[in-house]
Protein chains: 6
Amino acid sequence: MSGGVALAPPTGPTIASRILRPDAGTVEAVRVLPAATLHEAAGRIGALPWQIKPVSPSLRLCGPAITVQSPGGDNLWLHRAIYVAEPGDVLVVHVSGAHDYGYWGEIMATAARARRLGGLVIDGCVRDGVLLAEMGFPVFARGLCIRGTGKDFGARGWINHPLLFDDVTVHAGDLIVGDADGVVAIPRERAAEVIAASREREAKEAAALRRIEAGERTLELYNF
Amino acid sequence: MSGGVALAPPTGPTIASRILRPDAGTVEAVRVLPAATLHEAAGRIGALPWQIKPVSPSLRLCGPAITVQSPGGDNLWLHRAIYVAEPGDVLVVHVSGAHDYGYWGEIMATAARARRLGGLVIDGCVRDGVLLAEMGFPVFARGLCIRGTGKDFGARGWINHPLLFDDVTVHAGDLIVGDADGVVAIPRERAAEVIAASREREAKEAAALRRIEAGERTLELYNF
Amino acid sequence: MSGGVALAPPTGPTIASRILRPDAGTVEAVRVLPAATLHEAAGRIGALPWQIKPVSPSLRLCGPAITVQSPGGDNLWLHRAIYVAEPGDVLVVHVSGAHDYGYWGEIMATAARARRLGGLVIDGCVRDGVLLAEMGFPVFARGLCIRGTGKDFGARGWINHPLLFDDVTVHAGDLIVGDADGVVAIPRERAAEVIAASREREAKEAAALRRIEAGERTLELYNF
Amino acid sequence: MSGGVALAPPTGPTIASRILRPDAGTVEAVRVLPAATLHEAAGRIGALPWQIKPVSPSLRLCGPAITVQSPGGDNLWLHRAIYVAEPGDVLVVHVSGAHDYGYWGEIMATAARARRLGGLVIDGCVRDGVLLAEMGFPVFARGLCIRGTGKDFGARGWINHPLLFDDVTVHAGDLIVGDADGVVAIPRERAAEVIAASREREAKEAAALRRIEAGERTLELYNF
Amino acid sequence: MSGGVALAPPTGPTIASRILRPDAGTVEAVRVLPAATLHEAAGRIGALPWQIKPVSPSLRLCGPAITVQSPGGDNLWLHRAIYVAEPGDVLVVHVSGAHDYGYWGEIMATAARARRLGGLVIDGCVRDGVLLAEMGFPVFARGLCIRGTGKDFGARGWINHPLLFDDVTVHAGDLIVGDADGVVAIPRERAAEVIAASREREAKEAAALRRIEAGERTLELYNF
Amino acid sequence: MSGGVALAPPTGPTIASRILRPDAGTVEAVRVLPAATLHEAAGRIGALPWQIKPVSPSLRLCGPAITVQSPGGDNLWLHRAIYVAEPGDVLVVHVSGAHDYGYWGEIMATAARARRLGGLVIDGCVRDGVLLAEMGFPVFARGLCIRGTGKDFGARGWINHPLLFDDVTVHAGDLIVGDADGVVAIPRERAAEVIAASREREAKEAAALRRIEAGERTLELYNF
């Protein structure tokens, strides 16, 4: 993103292949924190639509975002994104509101695993749910759907330009964390600050739990 | 509810702390009956929105309702309700149509368990889904969502005045029963009658099952 | 269906009891194929609404369709259909858009099992979810709902005339296959062709998986 | 419809060109009655989705139904239906849930007027709204939309077989009446009875209006 | 509302016949103010669902609220409310989410006009749209629908207890103002203050308009 | 847009003040063509959501797009856009899915008229509907809503970077045409070609109308 973030420019490239990523230490520090805690500690930002959930409840993911704007009912840009991404990256995909297609399955998960990607977050459906759960490659989606996608080589999409999920913007390189509760996107440049605030919050919550178990009321504990 | 049920009166209190509850024997008699059976036996009443389901499929709940009308995106009234409720009570919460927030999590479940409450039924989302399932405190919700709630001390809400879920009214003290199939609210004053009708229905269904397994057709069995 | 397929004619019969079915060998050949593969191999047709899913994730079904158009909030036509169907048949039910009722439960599953039916696919809800999962009789539905149905003997419904699920038509005798990913309807007269195309597709995908695991990219593999 | 009403049979024709119609006197008798009155007098049946409204508020229509099941985003079957219909007939069109296309415009309205058809009722959108209002040919639709339709010669549709609008079935030859309040479908064979009941209802309402204007209360008037 | 606002109490009355109203001067002062201005001046409160609009665009209404909670598909409580209301009162009706019925028509408008009521605001549909527009009695509704309502004497409803429209509560005696832009409810006890703030806002806006027409930019005018 | 189209870059500017526009002759040539014709002639592209309609049916607009991505419930970016735009420009606004606010009213229309802008297209609601219709400044919106907006100076929005309406992208400088049927966006660089194709289509349709009026059937005319 050296020369400016470009979103589907009429004449320029629609794939930005070089993006800034958080460093490995930051990713590992975030990996152990819950999505909800990160969302709160960052100031209640970055919560993706709650209907996006792991295809198997124990799956978690954490990594820098490769953002993919996909035309509805088409998965060509997801194929492309697998090879734009680097090991550890998480594909974050907006499907232009056309949820009910199976945009991803065993073949693509195998390709993504071969590339050692960090996972997939898609605001649509996928297929091969049982196989995906067995493979353990983390896929977060709205549900399972068998309806097949096409490949329209003329349709407009983009990779590594910003995405808009309702009121939430995701940029390439944002730190994406998903667990059973949902998915959050944390701006790369705020990661260190959010990690610190999350740890503080975790510590406070642990202390609060002890006091509540000992009989204190939340009303006084939090001065409600 | 001796002196009149008040719903958000302009000048009076918005928390009714004293309500009438079914007696302990009634609660225990109801506890072993399925929600669907109670709904049918009571004359097909009191079915809460079907999207409200246990966060872990094996959870069940049964107890008198503490009714909570919560402003959207705010969980201050849930905190208050934890301390209005008595052991065994079930919090029943309407969130004014704003489903996609995490109104409840580990802290509040710990507080509710410390108070020995009977469970939570909420027409919105919660967070900390894995922890809630482990704790075993029965939570029935629309789903899991990380989006954080605020605490608006000026916003209007109420406790122990009636709630309206589409066409179904729930009063404080109604007997609330939830299982994997859904949640039902039975009016306190009809509890004994509904228990009797439910047992009769259960017995009839057991007999019908035996006859069907023996080859009889439902068309003749029920005179369709 | 010798003399013409009749859909709720004003004066004629609304149950077509004699329909053409695929032969047993065809059903068994289809049974081992995934729903998504059949949908793709048939030319991306016959995908039922993706929200229809098995009540227990490991359930599968495969068999000829008995089509049931049911009035909303009424399950009389489902009872009738149990006895129109023959062993192995799958009931496919449209509930006129009124999803939130429990159209099916333990009693009906017991009757269907006694008749050795192949399963149920319904574009609405059912009840007794835990029992249905234990019984193992394959039920595919939108969810679980306790709200009770009536029996209106005057209401118009039909059996074994075509159904319309959004843009997908299902005919009596179509081959219905459901697994964790969803449900597909394959026209009876195209079954042999679709089986062949599905097997070819399965073989190609297995080969593609090996090449992808060996490091090849999907972009070149598929000439994207 | 001599030999049975056929809905998209796998092998037979999908256009039934000969249907039974109410006689001209019946159509004229119905023409002066409000849609709401006919709906009530017939026993509260046949109300089409309320979002279907005239493109200009003063338009009314009345005539026998030519029923058209159209694939979504395609208007080939509407062209065909214009030439299946006879003077006075009303095209009633279901678009398989894909509302947001402009299925009808100036060209087709001109063709329909040249054929002296009675009007169009469509559960989707149309275009050329200003011209349609000027032409005076009665079009009832969900709204105006510029999105263009295709012509898929392989897509399945049908003419003069039954349609299902949520829980309401419309048969070819049903008497269709539309005014500013909405659209109703009255079964042909019940037309005479419904006309009599509607007139009686109109007379009763006129008498009730006089008594209410004179000061009587509806509570006593109707024994509520 | 002397002894407490009661909402559908199990044993007490469900009609509160005596309510506090704003005085006539207040009603007249409010009558000339736009709904949007009152909403803003009161602190952005009381906006009813925006889909509720006048059946004829030039209609306006202003008066104290008679609040009516109606069971879905039933208009018995509207009949009752006509006779609980006093001249100038506005019926405000919640229909429990079942919008698509014609809850009100010529008969009821005639009765309401005979009682000299101030108008109707209903979160559902009405019928006889053309007649209502001609009569000039102000009706604000979601749209026009012919589907008929029943009268269930056992169904629970209430009059002059609070209503909840999403996140907005309306109390009996609130001042209701509706125009082409929408409907607002102003708490009776704040009416004087809101009138003053509205007039101030109107004056400020008039001054701002003059300055903008003279070439000033809104960015500087409002210090954005 | 010399150096690349930037969408909400983390560090760069979010307003692109210099954009390429179609020349005046092109705008005038397009102004007399219907939105539906342009959409078809361009290859069925650029149709904005059909619910966006003129606040008064006779309003039309035509001009180059100033694209505005607005946070939900906030109209600060609309104020800014009025002063980024030049005479004749059309503001095209996406409100992040939060439709039910009054984003625009008399003050802003007066400011836009003082700047001689060409109109407003917004995927949300506006207020002061009667005044806007009287002023004649062309406003296309989803409806009228009194709910007030805030001004959040920290919230992220952008001007003159691309917008996404479901599956349709609008770029700054696209030619926007709106009439009673709806709104279309035509890429600036394709304008000349689309004008020619539209005129050809208009001529063909006029010829077709004459032949249809003379009795020819559309089936033969178009070789269906």
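The values are calculated or read from the model by the stated rules, or taken from the named source; none is laboratory data. Fair warning: this is a prediction, and the values are worked out from it, not measured in the lab. Cβ placement follows ideal geometry from the backbone for every residue including glycine, while neighbour counts extend to all protein chains displayed. When the accessible area is computed, the model is the full protein with side chains, heavy atoms only, and any ligands, DNA or RNA have been set aside. Shrake-Rupley method; radii C 1.70, N 1.55, O 1.52, S 1.80 Å.
State the number of residues belonging to segment F:172-199 that are open to solvent by less than 10 Å² (accessible area, probe 1.4 Å) and either assigned to a helix (DSSP H, G or I) or of a type in the set (Phe, Trp, Tyr) (or both).
Adding up the residues that qualify gives 3.
Conditions (1) closer than 30 Å to C:ARG142 by Cα; (2) under 14 Å from the mean Cα position of the chain (by Cα); (3) at pLDDT below 95, marked per residue:
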position	(1), (2), (3)
B:ALA8	no, no, yes
B:ARG18	no, no, yes
B:THR26	no, no, no
B:LEU33	yes, no, no
B:HIS39	yes, yes, no
B:ARG44	yes, no, no
B:PRO54	yes, yes, no
B:ILE82	no, no, no
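Looking at segment C:106-123, is at least one residue open to solvent by 20 Å² or more (accessible area, probe 1.4 Å), acidic (Asp, Glu) and more than 10 Å from every other protein chain (Cβ to nearest Cβ)?
no
Given the options C:ALA203, C:ALA208, C:ALA197, name the one that is aliphatic (A, V, I, L, M), in contact (Cβ under 8 Å) with a residue 12 or more places away in the chain and either in contact with a Lys or Arg (Cβ under 8 Å, 6 or more places away or on another chain) or more than 9 Å from chain A (Cβ to nearest Cβ) (or both).
C:ALA197
In segment D:10-50, which residue that is among the hydroxyl-bearing types (Ser, Thr, Tyr) and away from chain E (no Cβ under 14 Å) is most open to solvent (accessible area, probe 1.4 Å)?
Among them, the one singled out is D:THR11.
Inside segment F:156-171, can you point out the residues that are outside any strand (DSSP E or B) and either without any contact (Cβ under 8 Å) to a residue 40 or more places away in the chain or hydrophobic (A, V, I, L, M, F, W, C) (or both)?
Matches in segment F:156-171: F:ASP167 only.
Just checking, how many residues over segment F:86-103 are open to solvent by 10 Å² or more (accessible area, probe 1.4 Å) and either within 11 Å of the chain's Cα centre (by Cα) or among the aromatic types (Phe, Trp, Tyr) (or both)?
Matching residues across segment F:86-103 total 2.
Answer with yes or no whether D:ALA155 is within 7 Å of another protein chain (Cβ to nearest Cβ) and open to solvent by 10 Å² or more (accessible area, probe 1.4 Å).
For D:ALA155, the condition - within 7 Å of another protein chain (Cβ to nearest Cβ) and open to solvent by 10 Å² or more (accessible area, probe 1.4 Å) - is not met.
Among the numbered criteria (1) within 12 Å of chain D (Cβ to nearest Cβ); (2) in contact with a strand residue (DSSP E or B) (Cβ under 7 Å, 6 or more places away or on another chain); (3) part of a loop (DSSP other than H, G, I, E, B), which single criterion is violated by F:GLY215?
Checking F:GLY215 against (1) within 12 Å of chain D (Cβ to nearest Cβ); (2) in contact with a strand residue (DSSP E or B) (Cβ under 7 Å, 6 or more places away or on another chain); (3) part of a loop (DSSP other than H, G, I, E, B), the one that fails is (2).
Being open to solvent by 90 Å² or more (accessible area, probe 1.4 Å), acidic (Asp, Glu) and within 35 Å of the chain's Cα centre (by Cα) is the filter here; which residues of segment D:200-224 pass it?
D:GLU200, D:GLU213
What single numbered condition from (1) open to solvent by 30 Å² or more (accessible area, probe 1.4 Å); (2) more than 24 Å from B:GLY182 (Cβ to Cβ) fails to hold for C:GLY136?
(2)
Go over the candidates B:ALA185, B:ALA141 one by one and state the one that is among the aliphatic types (A, V, I, L, M) and more than 14 Å from chain A (Cβ to nearest Cβ).
B:ALA185
Only one of (1) within 7 Å of another protein chain (Cβ to nearest Cβ); (2) of a type outside the set (Ser, Thr, Tyr); (3) out of contact with any Phe, Trp or Tyr (no Cβ under 8 Å at 6 or more places or on another chain) is not met by C:GLU86, so which one is it?
The single condition C:GLU86 does not satisfy is (1).
Which condition number does A:TYR83 fail, the rest of (1) open to solvent by 10 Å² or more (accessible area, probe 1.4 Å); (2) touching a helix residue (DSSP H, G or I) at 6+ places or on another chain (Cβ under 8 Å); (3) of a type outside the set (D, E, K, R); (4) touching a residue at least 40 places away in the same chain (Cβ under 8 Å) being met?
Evaluating A:TYR83 over (1) open to solvent by 10 Å² or more (accessible area, probe 1.4 Å); (2) touching a helix residue (DSSP H, G or I) at 6+ places or on another chain (Cβ under 8 Å); (3) of a type outside the set (D, E, K, R); (4) touching a residue at least 40 places away in the same chain (Cβ under 8 Å) leaves (4) as the failure.
Here's the yes/no breakdown for (1) in contact with a helix residue (DSSP H, G or I) (Cβ under 7 Å, 6 or more places away or on another chain); (2) free of Cβ contacts under 8 Å to residues at least 60 places away in the same chain; (3) in a strand (DSSP E or B); (4) closer than 19 Å to C:LEU48 by Cβ:
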site	(1), (2), (3), (4)
C:ILE107	yes, yes, no, no
C:THR110	yes, yes, no, no
C:ARG116	no, yes, no, no
C:VAL121	no, no, yes, yes
C:VAL130	no, yes, no, no
C:ALA133	no, no, no, no
C:PHE140	no, no, yes, yes
C:ILE146	yes, yes, no, no
C:GLY154	no, yes, no, no
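List the number of the failed condition for A:VAL130; all other conditions in (1) within 11 Å of chain C (Cβ to nearest Cβ); (2) open to solvent by less than 10 Å² (accessible area, probe 1.4 Å) hold.
(2)
So, in segment F:52-80, how many residues would count as being hydrophobic (A, V, I, L, M, F, W, C), within 14 Å of chain A (Cβ to nearest Cβ) and either more than 19 Å from F:VAL32 (Cα to Cα) or open to solvent by 10 Å² or more (accessible area, probe 1.4 Å) (or both)?
2
Surrounded by fewer than 24 Cβ atoms within 10 Å (Cβ to Cβ), of a type in the set (Gly, Ala, Ser) and under 16 Å from C:HIS94 (Cα atoms): does that describe C:GLY143?
yes
Considering segment C:159-171 alone, what residues qualify as being away from chain A (no Cβ under 14 Å) and open to solvent by 10 Å² or more (accessible area, probe 1.4 Å)?
C:LEU164, C:THR169, C:HIS171
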